[in-house]
Amino acid sequence: MTFSELAKHRQSVRSYQDRPVEADKVRAIVESVRVAPSASNSQPWTLIIVDDPPLKDKVARATFSSTISFNQFSLGAPVIAVLTIEKPRVITQIGGWIKTREFPLIDIGIAAEHFCLQAADLGLGTCMVGWFDEKAIKELLSIPRSTRIALLITLGYAAEGYPLRPKVRKDTVAMSRYNTYRQSHPDVFGRKEYTQGLSQTCRTCRRGNGVAPHADAGRGALQKESFPFLVGRN
Ligand SMILES: Cc1cc2nc3c(=O)[nH]c(=O)nc-3n(C[C@H](O)[C@H](O)[C@H](O)COP(=O)(O)O)c2cc1C
C-alpha cells in the first residue's frame, strides 16, 4: 500500500472479529509509536496494551454507560491501548508555557495516528476513543492519580465484510490554502497537479474540476484571475 492508500484505508472500526491479534503485530505497532516525533523529542506518553481479556473487558466497560452507549463496540475489540500523558522535558514545558501551547497533546495525537496507520498497514482495525471514565481506568491499570489518560485505541481485526466507508470530510478548497489564510478561488486548486484524483466544486462559481480555465491556468494568469476573489469576496 502506498501512503496515500493507507491514509484512505485507515478508518474507525467499530465491529471486530473474535480473533486475537498476533503478538508480533502488536510489537510492530508499539515500535511505530515509539519512533513517533514529539516536541523537543520529549516523547511524553506511556502506551499500555491491555490484552488480558477480563481486564480488557473492564476497561471497555469504562468507555460507555447505559445512557451514553456509543462506545459499547469497544467490548468486541480484543485489545485496547491506553495512552497516558507524561511530563515533557523541562525545555518543552517552558516553551509550552511561553507560547501557551499544549505540546504533549499534539505529540500524543501524532503517536496515536502512528498506532492507527501501522495497524491499518498490518490489516488491523482501530478506533480512537476519547470518551471514557478516566478515574475507573486509572484504578484498573494502576495509573497514578496525577497522570492523565489522553486517549484509548481499540484494536483488532475488523468484522467480516466490514465496509471501507467513503471519507466524510471538508473539501480541499474549504480546508486548505496556498500562501494566505484567506480562502482562494479554486482556480488555485484547478491546476492539474492539485486536482488529480480529487473531486470538488468551486463554492464561488460552482465550477467543478476539469473545466478548461481551471486545468490550464498558469501561475501568473492564476494570480490575476484569482485576485478579485481573494480581495473582494472573502
Ligand atoms: C481524539 C479523538 C477521539 C475520538 N473519540 C471517539 C469515541 O469516543 N468514540 C468513537 O466511536 N469514535 C471516536 N473517535 C473517532 C472519530 O469519530 C473518527 O475518527 C472520525 O469520525 C473520522 O472517521 P474515520 O476515523 O472513520 O475516518 C475519536 C477520534 C479522535 C481523533
Subject >> Length gained when the stretch Leu164-Glu86 is fully extended (0.36 nm per residue, less Cα-Cα span) >> reply: 24.6 nm
**OP:** Quote the FRET efficiency, to the nearest 0.05, computed for Trp131 versus Thr100 with a Förster distance R0 of 25 Å and r equal to the Cβ-Cβ distance.
**Re:** 0.45
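Note down the net charge around Ala28, summing +1 for each Lys or Arg and -1 for each Asp or Glu among other residues with Cβ under 11 Å from its Cβ.
-1
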Original post:
When you take every Cα atom in region 3-156, what is the radius of gyration, and what is Dmax, the widest Cα pair distance, in Å?
Top reply: 15.6, 48
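Residue separation times 0.36 nm, minus the C-alpha to C-alpha distance between Thr67 and Ser176: what's the value?
Length gained, Thr67 through Ser176: 35.5 nm.
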**OP:** Can you check what the net charge comes to around Ser42, using other residues whose Cβ is under 9 Å from the Cβ of Ser42 (Lys, Arg +1; Asp, Glu -1)?
**Re:** 0
Original post:
Rounded, prolate or oblate: which fits region 76-144 when a ≥ b ≥ c are the square roots of the eigenvalues of the alpha-carbon gyration tensor, with rounded for a/c under 1.5 and prolate only if a/b beats b/c?
Top reply: oblate
Original post:
Which of Thr126, Thr92, Val82 sits closest to the plus end of the dipole of region 3-156, meaning its Cα is farthest towards the positive end, when Lys and Arg get +1 and Asp and Glu get -1 on the C-beta?
Top reply: Thr92
Original post:
Mind listing the phi-derived Karplus ³J(HN,Hα) values for region 132-144, rounded to whole Hz, using 6.51, -1.76 and 1.60 with θ = phi - 60°, and x for any glycine or proline?
Top reply: 7, 8, 4, 4, 5, 5, 4, 5, 4, 10, 6, 8, x
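Coordinate-derived values only; no laboratory data. If you're wondering where the values come from, they're calculated on a predicted model, not measured in any experiment. Reconstructed Cβ throughout: ideal geometry from the backbone, glycine too, with neighbour counts over all protein chains shown.
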